[in-house]
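First comes the structure, then the notes that go with it.
The values are calculated or read from the model by the stated rules, or taken from the named source; none is laboratory data. These numbers were taken from a predicted model, which means no experiment stands behind them. Neighbour counts are summed over all protein chains in view; Cβ atoms, including those assigned to glycine, are modelled from backbone coordinates with ideal geometry.
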Amino acid sequence: MTVKVQRPLIIQNNCGASFDEELLKSAIIWFADRPVTSAKTVYMHGRYPAVSIHDKKPHIHRLIYQYANRCVLPSRVHVHHIDGDRMNCNLDNLRAMDAPKHLSRHNAGRCLTSEHRIKISEANRRRKGMNHRKRVDIPLGVLRRMLAEERSILSIANHFECDWSTIKARINDNPELLEA
């Protein structure tokens, strides 16, 4: 269904989140690049309340903060809930923080067991779309010898079964390798 004229929005809160409804309506219209359907449902998307706007599913805390400050936050900036309640998406409870600072605030004092670390690494391996670089041990003495033999970067990379950029990075990190 194509909407040609923006009708007044009706928000249905299916997850029990608390937010300023008028502010959310304005934020949805601000975020959308074209008119949206009049009935919008707030639902849980992951661990946070969200709303569907065309093919996107922005979390409402982030959407409300961006609208109130009239900016689009880069992904490296998180919107923090001051009181720690994810369901409280009122503007006075939201604050923008750099991702590392935000994550360190939430993870301070946590100790991961070895079992938990194994589960995290297995989950990361299964995650679609993520390519983890294989760590390659390249002894500097062997690399120095191969460079002295005037072997190409590509042949050295093939020898160590890694990408040529890995070899270039090792050479850049250790410029003494190029000295005769």
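For Leu140, state whether it is surrounded by 12 or more Cβ atoms within 10 Å (Cβ to Cβ), closer than 30 Å to Gln66 by Cβ and modelled with pLDDT of 85 or more. Here the answer is no, as Leu140 does not meet what is asked.
Within region 1-14, residues that are at pLDDT 85 or above sit with their Cβ atoms under 9 Å from residues that are part of a strand (DSSP E or B) and polar (S, T, N, Q), at 6+ positions apart or across chains, in these pairs: Ile11/Thr41; Gln12/Thr41; Asn13/Thr41; Asn14/Thr41. Selection of region 18-44 for residues being over 23 Å from Arg7 (Cβ atoms) and either among the polar types (S, T, N, Q) or assigned to a loop (DSSP other than H, G, I, E, B) (or both) yields only Ser18.
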